[in-house]
Amino acid sequence: MNPFEYFKRTRYVQYLSVFIASLVSSSCSMYMSWSSPVIPQLTFFSSAEVSWIVSILSLGSIPGSILGGLLLNKIGRKKTILLATAFLFFPWVAIALSTDAVIFMIARFMGGIGMALAPITVPVYIGEIADKDIRGRLALVYSLLSTSGTVLTLSVGPYISYKWLSVLGAAFPAVCALALLPFPESPYYLLQVDKREAARESLARLAAKTENCDATEIRFLQIEKIIADQKRERKSVKDIIWNKDFRKSMLLVLGMKTIHQLSGANGIKAYMETIMRLSQTDIPPQLSSVIFGSSQIPSVLISALLIDRLGRKPLMIVSTLGCAVGLICEGVYFYLDYLGNIDLSPVNWLPTFGLTLFHIMVSFGVSSLPYVLYGELFITSAKGLAGAILIIYSGCLTFVVMKSFGPAVEALGIYVVFWGFAGACLLGTFFGVFVLPETKGKALNEIQDLINK
């Protein structure tokens, strides 16, 4: 059998659907890391304007989360992803064509709406189209492409103008919008809106060509039963919120997201080159940014290989411990630098080492697992509400971290800030050991049974 024929007989539609839908995450991560190489270019703006341009992105996630929560079950997963591509594409065009601070702020705010729509919808889409034995690794494709967007920004951004960087950012949602059109909608959503034949066709397209019709029909009947049971128990938003299992799942996902945000991942990403200039190492800040970004790709790939073998809990524990070690090293270096009477030339590699270790380990689990669990823990009818709550909460935390990062460094010292981030990561280790459930190898209905216990 030739390779092309072999590929056609695999579950390639699942892999391609996930890859194309996840392209929006590359643009989202470019919005987040854009400020690191671009801030030095924005000399025509005041420091106050730059601060708002950087942080207003997170405020856009609040209306975006509400919109995503409403549309996820109204127009479907696929159409909501396509809407996200529009909100991600046009702000890049506005930034590329403007030098006005107000336009930058409006564009970044609109980009924040797209950034909220994407993580609400894509993890749900992945969780519902992927078979349970590959769901974990396919969920990490979203993180892998997100990391690739960061690498592209940090690698190329320092050497080109912000206008050309905006053109690169616009390419990802444009390709996603065009390429996703022929791929199937989630069979869960199609059954939810009583499109039985379309759901059956979607499952047939997603299955491997070697899978017999009986196996596809069995899965169809299983999903149909899940949706029917959920419809019989359909409740209002108030009832969903007061449901014990929903609250338990919500607290788990919000706990994971709290650890991610308080680890400082987004604040460090936004002010990367500024941090490296403060460290006064011999390594140029631009090169350090490339090292940090590139180091995350193998980390995500290894995580994707291990998540369905080792499980979610081990990845969370290892990831948080590794992040804490890297941040503690960073804090130690800056504390010694603060003392002022110590020759740091023998350890001038320590800031780069600390942040490289942090970026490797944060990509290993801390940054990706909240979205993996979001796609797994909630019943179909509750995912829109859960996603809206998650992204609003995440957006508020991101805004607080990014807006307070600079003032906190000035008031407390950068070493205190890094040690505070490290403390949050150590709390995440305890969360992984004692709180986080293991969902490895379980179907979505089996995960609900686990939560119900």
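The values are calculated or read from the model by the stated rules, or taken from the named source; none is laboratory data. Owing to the predicted nature of the structure, the values given are computational and were not obtained by experimental measurement. Every residue, glycine as well, gets a Cβ built from its backbone with ideal geometry; the counts of neighbours run over all protein chains shown. Just so you know, the surface numbers come from the protein's heavy atoms only, side chains and all, with ligands and any DNA or RNA stripped out. Shrake-Rupley method; radii C 1.70, N 1.55, O 1.52, S 1.80 Å.
Structure notes:
- Among the residues listed as GLY413, GLY441, GLY375, the single one being surrounded by fewer than 18 Cβ atoms within 10 Å (Cβ to Cβ) and either under 30 Å from THR80 (Cα atoms) or charged (D, E, K, R) (or both): GLY441
- Selection count, segment 248-271, where residues are over 30 Å from ALA199 (Cβ atoms) and in a helix (DSSP H, G or I): 16
- Scanning segment 322-343 for residues that are outside any helix (DSSP H, G or I) and surrounded by 18 or more Cβ atoms within 10 Å (Cβ to Cβ) yields a total of 0.
- Any hit, segment 275-292, residues being under 19 Å from the mean Cα position of the chain (by Cα), farther than 13 Å from SER367 by Cβ and surrounded by fewer than 23 Cβ atoms within 10 Å (Cβ to Cβ): no
- Considered as a group, the residues in segment 29-60 that are within 22 Å of the chain's Cα centre (by Cα) and open to solvent by 10 Å² or more (accessible area, probe 1.4 Å) include one that is farthest from LYS403 (Cα to Cα), and that residue is MET32.
- Among the helices (runs of 4 or more DSSP H) confined to segment 353-453, the ones with at least 2 residues that are in contact (Cβ under 8 Å) with a residue 40 or more places away in the chain and of a type in the set (S, T, N, Q) are located at 383-412, 444-452.
- Selection from segment 15-27 of residues that are assigned to a helix (DSSP H, G or I), closer than 15 Å to GLY149 by Cβ, of a type outside the set (A, V, I, L, M) and open to solvent by less than 10 Å² (accessible area, probe 1.4 Å): SER25, SER26, SER27
- Qualifying residue in segment 274-282 (condition: under 14 Å from PHE421 (Cβ atoms), outside any loop (DSSP other than H, G, I, E, B) and not basic (Lys, Arg)): yes
- Test: residue in segment 252-261 that is at pLDDT below 85 and hydroxyl-bearing (Ser, Thr, Tyr): no
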